[in-house]
1. Given the criteria without any contact (Cβ under 8 Å) to a residue 12 or more places away in the chain, hydrophobic (A, V, I, L, M, F, W, C) and over 15 Å from Val153 (Cβ atoms), does Ala53 qualify?
2. Would it be correct to say that Leu29 is at pLDDT 95 or above and more than 15 Å from Ala151 (Cα to Cα)?
3. Would you point out the residue of region 1-25, among those that are in contact (Cβ under 8 Å) with a residue 24 or more places away in the chain and open to solvent by 40 Å² or more (accessible area, probe 1.4 Å), that is nearest to Phe72 (Cα to Cα)?
4. Hey, could you check region 70-85 for residues that are within 19 Å of Arg28 (Cα to Cα) and either more than 12 Å from the ligand (Cβ to nearest atom) or free of Cβ contacts under 8 Å to residues at least 40 places away in the same chain (or both) and say which is surrounded by the fewest Cβ atoms within 10 Å (Cβ to Cβ)?
5. Quick one: which residue in Ala160, Ala136, Ala107 is away from the ligand (no atom under 16 Å from the Cβ), closer than 26 Å to His49 by Cα and either of a type in the set (Gly, Ala, Ser) or touching a helix residue (DSSP H, G or I) at 6+ places or on another chain (Cβ under 6 Å) (or both)?
6. Suppose we keep only residues that are in contact (Cβ under 8 Å) with a residue 12 or more places away in the chain and among the hydroxyl-bearing types (Ser, Thr, Tyr) within region 113-158. Which one would you say is farthest from Val99 (Cα to Cα)?
7. All but one of (1) of a type in the set (A, V, I, L, M); (2) closer than 18 Å to Ala148 by Cα; (3) more than 16 Å from the ligand (Cβ to nearest atom); (4) surrounded by 15 or more Cβ atoms within 10 Å (Cβ to Cβ) hold for Ala91; which doesn't?
8. If you scan region 103-126, which residues turn out to be open to solvent by 20 Å² or more (accessible area, probe 1.4 Å) and in contact with a Phe, Trp or Tyr (Cβ under 8 Å, 6 or more places away or on another chain)?
Amino acid sequence: MSQQVRLLIICLGNICRSPMVEGALRHRLRQAGLQDQVVVDSAGTGGWHVGQAPDPRAIAIAAANGVDISSFSGRQLKSDDFRQFDWLLCADSSNLREVARRSVAHARARYGLFLPWALGNGEHTEIPDPYTGGRADFRRVWEMADQAALAAVRRRAWTAPIEA
Ligand code: 4NP
């Protein structure tokens with residue numbers, strides 16, 4: 001059996017986008033029987049929502065799609081994440097700049113944008129922040145997250161070189 005791969009999904013607050021991506025990825029990995037091979041966690045570059053559950057709108061859209069993210073708890077990106085994870089996958093370019101800025105010596109993790117990594121299309125696509133938006137924005141983010149999660153699992157994105 002191959003070694004376990006560890007993915008950390010990153011956004012700003014860790015209460016909207018990254019928990020939705022984490023939930024979608026875990027769900028799609030479970031469906032494919034890969035949940036023991038690929039471990040998924042999420043974190044925020046900011047610390048405002050540490051210890052909090054995801055935004056109720058994120059919980060609701062995930063639940064409407066059969067995915068329970070209500071027990072997830074917000075946490076902030078830490079130095080050790082650069083050593084513990086294989087991939088740090090960011091929702092947008094601002095998150096990615098922050099990750100690059102905080103990188104440590106002897107980092108194990110590679111980092112990039114989640115959507116191009118998952119879809120393998122090399123396009124510079126971002127997941128827009130829905131926090132100040134409405135339900136439709138959360139629905140759009142869920143659809144993006146889940147479509148990309150499905151593609152990532154189908155193409156085993158963690159085995160491919162990053163394209164972004
Ligand atoms: P997220 O959304 O990065 O997708 O979790 C946000 C959540 C909270 C804040 C910003 C973005 N905030 O400023 O508190």
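1. Values: without any contact (Cβ under 8 Å) to a residue 12 or more places away in the chain: no; hydrophobic (A, V, I, L, M, F, W, C): yes; over 15 Å from Val153 (Cβ atoms): yes.
So Ala53 does not fit the description; no.
2. Numbers: at pLDDT 95 or above: yes; more than 15 Å from Ala151 (Cα to Cα): no.
Criteria not met by Leu29.
3. We begin by selecting, within region 1-25, every residue in contact (Cβ under 8 Å) with a residue 24 or more places away in the chain; these are 1-2, 4-25.
Now narrow it down to the ones that are open to solvent by 40 Å² or more (accessible area, probe 1.4 Å): 1-2, 4, 6, 12.
Values: Met1: 29, Ser2: 27, Gln4: 21, Arg6: 17, Leu12: 16 Å.
Among residues in region 1-25 that are in contact (Cβ under 8 Å) with a residue 24 or more places away in the chain and open to solvent by 40 Å² or more (accessible area, probe 1.4 Å), the one nearest to Phe72 (Cα to Cα) is Leu12.
4. Let us first name the residues in region 70-85 that are within 19 Å of Arg28 (Cα to Cα), namely 70-72.
Narrowing further to those that are either more than 12 Å from the ligand (Cβ to nearest atom) or free of Cβ contacts under 8 Å to residues at least 40 places away in the same chain (or both): 70-71.
Numbers: Ser70: 15, Ser71: 8.
Top of the filtered list is Ser71.
5. Values: Ala160 fails: closer than 26 Å to His49 by Cα; Ala136 fails: away from the ligand (no atom under 16 Å from the Cβ).
Selected residue: Ala107, the only one of Ala160, Ala136, Ala107 that is away from the ligand (no atom under 16 Å from the Cβ), closer than 26 Å to His49 by Cα and either of a type in the set (Gly, Ala, Ser) or touching a helix residue (DSSP H, G or I) at 6+ places or on another chain (Cβ under 6 Å) (or both).
6. Once the filter is applied, the top-ranked residue is Tyr131.
7. Unmet for Ala91, out of (1) of a type in the set (A, V, I, L, M); (2) closer than 18 Å to Ala148 by Cα; (3) more than 16 Å from the ligand (Cβ to nearest atom); (4) surrounded by 15 or more Cβ atoms within 10 Å (Cβ to Cβ): (3).
8. So the first thing to find is which residues in region 103-126 are open to solvent by 20 Å² or more (accessible area, probe 1.4 Å), and the list is 103-108, 110-111, 119-126.
Answer for region 103-126, where residues must be open to solvent by 20 Å² or more (accessible area, probe 1.4 Å) and in contact with a Phe, Trp or Tyr (Cβ under 8 Å, 6 or more places away or on another chain): Ser103, Val104, Ala107, Arg108, Arg110, Tyr111.
The values are calculated or read from the model by the stated rules, or taken from the named source; none is laboratory data. Please read these numbers as outputs of a predicted model, since none were measured by experiment. Glycine also receives a Cβ, built like all others from the backbone with ideal geometry; neighbour counts cover every protein chain displayed. Note: areas computed on protein heavy atoms with side chains; ligands, DNA, RNA excluded. Shrake-Rupley method; radii C 1.70, N 1.55, O 1.52, S 1.80 Å.
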